[in-house]
1. In nm, what is the difference between 0.36 nm times the number of residues separating Ser124 and Ile15 and their Cα-Cα distance?
2. After finding the eigenvalues of the alpha carbon gyration tensor for the stretch 6-147, what semi-axes result from the square roots of 5 times each, listed largest first in whole Å?
3. Return the sequence-ordered ³J(HN,Hα) values of the stretch 39-49 in whole Hz as given by the Karplus equation 6.51 cos²θ - 1.76 cosθ + 1.60 applied to θ = phi - 60°, using x for Gly and Pro.
4. Amide H neighbours of Val28 under 5 Å, counting only residues 5+ apart in sequence or on other chains, H built in-plane at 1.01 Å?
5. Based on the Cβ-Cβ distance from Thr60 to Ala97, what FRET efficiency comes out when R0 is 25 Å, to the nearest 0.05?
6. Test of understanding: ordering Ser122, Ser40 by Cβ neighbours within 10 Å, fewest first, what list do you get?
7. Which Cα, out of Ser122, Gly13, Leu56, lies furthest along the positive dipole direction of the chain (beta carbon charges, K/R +1, D/E -1)?
8. Given a cut-off of under 8 Å on Cα pairs at least six residues apart, what relative contact order in percent is computed for the chain?
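Bear in mind that the values in this text are calculations on the coordinates, not laboratory data. Keep in mind it's a predicted model, so treat the numbers as computed, not measured. Positions of Cβ are generated from backbone atoms using ideal geometry, with glycine treated the same way; all protein chains shown enter the neighbour counts.
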Amino acid sequence: MSEDCFICDKHKGTIETAGEKIFEDEFVYVGHIDKGDRPSYLGHIMIDLKRHAPGLGDLTIEEANAFGQIMAQVSRAVKETENAEHIYALVSGNSVAHLHMHIVPRYPNTPEEYWGPNEVYSWSEAPFGRNEDIIKVCERIRNYLEENKHEEF
Ligand SMILES: [Zn+2]
């Protein structure tokens, strides 16, 4: 835990974010991105490490196992439930020094000039939504994970 960390606060439940929690265990927390006042790109999922540590190089083996598995499961879920044709994954950390990975879908018919985890946001036909749409995305992904949790990778 760290003071003044948005992600730690989110895990503690002291701040609300858009949508609903998708998954949580002792190592990872999964939810939808929240763009505040602006609509969110639907299907943009955040996988957070539960522990306050800055980057991928700080993961313990146990955390890395958990992080890798949920990364694969969430990516598959977004492809299946949201009809994504490709999944981008990105760790930036420019704004918060608490490890979180962006899982960003690319939807069918996205013009090539908008290919990329940031670029997809600029496509005028990309699906954006507010809280009620985000809740539906979260529910679909959570249900998929529930139904496929014993799947082997
Ligand atoms: Zn933190």
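1. 36.2 nm
2. The equivalent ellipsoid of the stretch 6-147 has semi-axes of 23, 16, 16 Å.
3. Computed from phi, the couplings for the stretch 39-49 are x, 9, 5, 5, x, 7, 9, 10, 10, 9, 6 Hz.
4. Amide H to amide H, under 5 Å and 5 or more residues apart or across chains, Val28 pairs with Lys50.
5. Efficiency computed from Cβ-Cβ geometry: 0.90.
6. So the ranking, lowest neighbour count to highest, is Ser122, Ser40.
7. In the chain, that residue is Ser122.
8. So the answer I get is 28 percent.
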